[in-house]
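Please read the structure below before turning to the comments.
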Amino acid sequence: MQPAQASQIVPVGTGDADLVERARGRDEAAIRAIMQANNRRLYRIARGILRNDGEAEDVVQETYVRAFTHLESFRGDSSLATWLSTSYRPPSTREESPQPGRSGAIT
């Protein structure tokens, strides 16, 4: 096992493409920066739909798990915040299959 490395500080204004590239390489500071920049927005979206704090928190966590396991599908056609927001699917639509051929969607 390798010793833990000190987390790097992510500079303000770091672009989505750079953060995603670093997160793909398992850079803890980049992953933390992505989450800190998007937590509030994702929570507001989930809370607005579900009207339940606990469920909204669960959905945000699920969204991050899905996103970080599918980072290779982020192409940069939209902002990272938009990509993360559109990866959220409320419980009522989770059973539905995604549209075939829809590129960049997290499923």
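The values are calculated or read from the model by the stated rules, or taken from the named source; none is laboratory data. Since the model is a prediction, treat every value here as computed from it, not as a measurement. Here the Cβ positions follow ideal geometry from the backbone for every residue, glycine too, while neighbour counts run over all protein chains shown.
Test A23 against the criterion of being hydrophobic (A, V, I, L, M, F, W, C), under 11 Å from the mean Cα position of the chain (by Cα) and either surrounded by fewer than 18 Cβ atoms within 10 Å (Cβ to Cβ) or within 13 Å of A67 (Cα to Cα) (or both), and give yes or no.
Taking the combined requirement at face value, the residue satisfies it.
Count, please, the residues in the range 57-86 that happen to be polar (S, T, N, Q) and outside any helix (DSSP H, G or I).
2
This table checks each residue for (1) β-branched (V, I, T); (2) at pLDDT 95 or above; (3) touching an Asp or Glu at 6+ places or on another chain (Cβ under 7 Å).
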| site | (1), (2), (3) |
| --- | --- |
| Q2 | no, no, no |
| A6 | no, no, no |
| T14 | yes, no, no |
| A23 | no, yes, no |
| A30 | no, yes, no |
| L42 | no, yes, no |
| N52 | no, yes, no |
